[in-house]
Amino acid sequence: MRAIIAFFWFCMLIIEAAYTANLAAYLTLQQIDDRIKTVHDLAGQTQLKYGLERGSDVMHYFKTQREDPYERMWAFMKLHEKDSLLTNTTEVIAKVKKGKLAFISDGVTNGYYANQHCGIESIEQNFGSKDFSLGFPRGAPYLDDINRALLELKEEGVLDTLKEKWWSAGQNCTEDDDTRSISQKTTAELELTNMIGVFIVLGVFIVIAIIVDIGERVYRMKNKKKNKQGETVELNQSMDSTNVLENQFVQ
């Protein structure tokens with residue numbers, strides 16, 4: 001029993017060490033997200049190619065910028081012009097789904113692509129911001145009425161509802177989709193199957209210990225029986241010798 005208890009606590013020590021190591025790795029790696037979430041992250045790597053639509057406003061923005069990292073990114077895209085400056089939307093979506101390309105475009109456009117195609121994620125980046133407006137003739141009498149109506153729609157949340165309806169990323173995706181979210185765990189949890197070897201060794205040792213204990217008990221019982229038989233023989237022999245002496249004394 002001492003051996004069983006000692007080995008049991010030894011296995012518990014291994015399980016505790018494994019759990020502690022897994023917990024430390026989980027807490028450490030959970031804070032590390034190696035995904036690309038900013039333009040600086042995209043510019044700081046060369047494994048994943050990035051591109052934009054040829055002739056678009058975004059292309060003109062990168063082409064005319066003289067600040068880092070936009071100037072450096074434009075040089076990289078010009079170096080890989082065949083793969084970076086694209087015009088076919090179907091080709092762009094296919095490359096993004098395969099993880100071969102990060103497509104830079106207007107937030108509205110990328111949000112729509114993410115909504116229509118599972119496996120694509122749109123990451124908002126506020127660079128090169130620009131406003132959209134409706135053009136009217138100078139002095140149009142209905143300009144104030146339209147501005148007032150748009151303001152009321154915004155205050156009532158109608159515009160936000162429409163945006164959520166048509167540009168909500170991942171709206172058409174199902175649970176079977178493999179897209180990884182930001183909150184998804186980066187390390188696997190420690191499950192029972194990972195520690196099954198320790199329990200198997202513990203079970204085998206307990207079985208062996210029980211067999212040894214049973215064998216020891218049987219051995220002791222046999223020795224005890226033999227000792228009793230020996231004592232009986234000695235007692236009989238002593239009784240026989242006593243009878244002989246008594247016979248000799250009587251004669």
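Checking the table LYS78/LYS154; LYS78/LYS163; LYS63/LYS165; LYS63/LYS100; LYS37/LYS63; LYS97/LYS165 against a 29 Å threshold on Cα-Cα, which pairs fail?
Working: LYS78/LYS154 41 Å; LYS78/LYS163 34 Å; LYS63/LYS165 34 Å; LYS63/LYS100 23 Å; LYS37/LYS63 22 Å; LYS97/LYS165 23 Å.
Long pairs (Cα-Cα over 29 Å): LYS78/LYS154; LYS78/LYS163; LYS63/LYS165.
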Is the C-alpha gyration tensor of segment 39-167 telling us rounded, prolate or oblate? Criteria: a/c under 1.5 is rounded; beyond that, a/b larger than b/c is prolate, otherwise oblate. prolate
If R0 = 30 Å, then GLN125 and ALA149, at their Cβ-Cβ distance, give a FRET efficiency to the nearest 0.05 of 0.45
Quote the charge dipole size of segment 39-167 about the Cα centre in Debye, to the nearest 20; the model charges only the Cβ of Lys and Arg (+1) and of Asp and Glu (-1). 700 debye
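In what sequence do THR109, THR87 fall when counting other Cβ within 10 Å, fewest first?
Working: THR109 16, THR87 10.
The order, fewest Cβ neighbours first, is THR87, THR109.
Test of the criteria: in segment 81-149, which trypsin sites (Lys or Arg not before Pro) are in a DSSP loop and have at most 12 other Cβ atoms within 10 angstrom of their Cβ? Please list the in-between numbers first.
Numbers: sites: LYS82, LYS95, LYS97, LYS98, LYS100, LYS130, ARG138, ARG148; in loops: LYS98, LYS100, LYS130, ARG138.
Within segment 81-149, the qualifying trypsin sites (Lys or Arg not before Pro) (loop, at most 12 other Cβ atoms within 10 Å) are LYS98, LYS100, LYS130, ARG138.
Mind sorting PHE136, PHE205 by how few other Cβ atoms lie within 10 Å of their own Cβ, fewest first? Mind dumping the intermediate values first?
Values: PHE136 11, PHE205 16.
Taking fewest neighbouring Cβ atoms as first place, the list is PHE136, PHE205.
What ranking do TRP9, TRP166 get, fewest neighbouring Cβ atoms within 10 angstrom at the top? If you can, show how the numbers build up before the last one.
Working: TRP9 9, TRP166 12.
Fewest-to-most Cβ neighbours within 10 Å comes out as TRP9, TRP166.
A short reminder: the numbers here are calculations on the coordinates, not readings from a lab. Note that the structure is predicted; figures quoted are calculated from it, not measured. Glycine gets a Cβ as well: all are built from the backbone with ideal geometry, and neighbour counts include every protein chain shown.
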